[in-house]
Each structure stands twice: as C-alpha cells, then as structure tokens.
Amino acid sequence: MSKQNNKLFERLLNAVGLDKGELEHQVWREFGCIRAVLVMDSTGFTRITNSHGIVHYLSVLARVREELIPLFESHGSLRTRVEADNIYAEFETVQSAQVAAVEANKLIDRQPFDLADSEKFGLCIGIGFGELLDSGHEGLFGPEMNLASKLGEDTADSGEILVTEAAWTELPKDTQKLFRRCFIEISGANISYYAMQAL
C-alpha cells in the first residue's frame, strides 16, 4: 500500500509523546469529513455455491459489481470500494445514498442470473451519516461507519435498506415516511434505526 494511502495511520504511528487531546484535534482537522456512507452486503452465497459452485457465484458477483459501481457513481458516489461481496460507497447526502440503494435493488432484481427463485441473489444495505475519518485507501472510520456496517452486513434482510438515526434525520420528510423505526442491541446498548423495503 502506498504512503499516500497510509497518511492517517502514519500520523498516528508518528504521534509518540503528543498529548491525546491535541492528537485528536489534529487528526479530525486533517482527516475529518462529513459523509453519508452506504454499506452493501449480499445474500445467497451459501445457497448459490451449494447448488452451482463457487465459480458460478463469483461470476454473479462480478456482474453485480459491474452493474452497481457505475450506478452508485451516477448517483454521486464520491468513492466506491469493493471488498469480497461488499460494496462501500460514500455520498454527500443521505438522500443520494438512499435513492442509489433503492435503484441498486431494482437493478439487481431485474438481472437474469440463471438462478432458481429459491436461490435469489439479494442486497442488504445499511446507511450512516456524520463525521468520519477518511483514511484514503481503507475508507472511512467512525461510529456511523460502524453502525452502517452492522446494519448492512449483519441486520438487513434481502431487499432491505436500514439507516441510522442520524441518517434518517437527514432525509426529506416524505422519504422519512417510507421507513419504520426499529431497535437493535449493540454492545449492550439499545440502538434505534429505520428500515424500508426497496422491492
């Protein structure tokens, strides 16, 4: 990984002896940003792999990437990263992220992946919003990134879009009405989030 991509972590490694409060201030000033972050996971890995094999699953995944990366970019993604069957996309507004999430579900639902209905490939999406640290190559870090990942990777069902409380408050009132309030326990804390069905 290039030095350009490691600036955040280099700063932290070279901060020996620096007051923690001053380091916190410097890091947020240099690497802080406000973003809506979309975290997308997929469903169907085990079913598709068991019935068609890993190569077929990876070919489906390759097509999903080929379709969704330009879709997210067309909706204003500032940066789109891929990691295994996850896609991470950053937006200036939650509304842009939410619209992109709905369109992504519709697009994938229309794709002829040569799968039985019981093996359907689906998307699970979480969206967060707030102050985050931008590490460059490794993406964003912060509480809203953690929550969006928890919602997208561990909580959402196929076709669901889950948004954090902070993200929901950024949506227009008419869009807020599409969501229902839910709760989840994370590390002993009861956290509220909002859910909508994209399909």
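Data overview
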read-out	value
Residues located in region 132-170, provided they are free of Cβ contacts under 8 Å to residues at least 60 places away in the same chain and of a type outside the set (A, V, I, L, M, F, W, C)	Gly142, Pro143, Asn146, Lys150, Asp154, Thr155, Gly159, Glu160, Thr164, Glu165, Thr169
The listed residue being among the polar types (S, T, N, Q), buried (at least 17 other Cβ atoms within 10 Å of the Cβ), out of contact with any Lys or Arg (no Cβ under 8 Å at 6 or more places or on another chain) and farther than 19 Å from Leu58 by Cα, out of Gln176, Gln98	Gln98
Residue ID - surrounded by the most Cβ atoms within 10 Å (Cβ to Cβ), chosen from residues in region 38-51 that are under 21 Å from Gly159 (Cβ atoms) and out of contact with any strand residue (DSSP E or B) (no Cβ under 9 Å at 6 or more places or on another chain)	Ile48
Residues (under 24 Å from the mean Cα position of the chain (by Cα) and surrounded by 11 or more Cβ atoms within 10 Å (Cβ to Cβ)) located in region 1-28	Asn5, Asn6, Lys7, Leu8, Phe9, Val27, Trp28
Near pairs, Cβ below 7 angstrom, 6+ apart or cross-chain, from region 119-131 (touching a residue at least 40 places away in the same chain (Cβ under 8 Å) and of a type in the set (Asp, Glu)) to any residue that is surrounded by fewer than 24 Cβ atoms within 10 Å (Cβ to Cβ) and assigned to a strand (DSSP E or B)	Glu131/Gly32; Glu131/Ile34
Qualifying positions in region 38-94 - among the small types (Gly, Ala, Ser), within 30 Å of Trp168 (Cα to Cα), at pLDDT below 95 and more than 15 Å from the chain's Cα centre (by Cα)	Gly44
Complete set of residues in region 69-89 that are at negative phi and of a type in the set (Gly, Ala, Ser)	Ser74, Ser77, Ala89
Test for Phe31: is it surrounded by 11 or more Cβ atoms within 10 Å (Cβ to Cβ), at negative phi, at pLDDT 80 or above and in contact with an Asp or Glu (Cβ under 6 Å, 6 or more places away or on another chain)	yes
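The values are calculated or read from the model by the stated rules, or taken from the named source; none is laboratory data. Since this is a predicted model, take the numbers as computed values, not measurements. Positions of Cβ are generated from backbone atoms using ideal geometry, with glycine treated the same way; all protein chains shown enter the neighbour counts.
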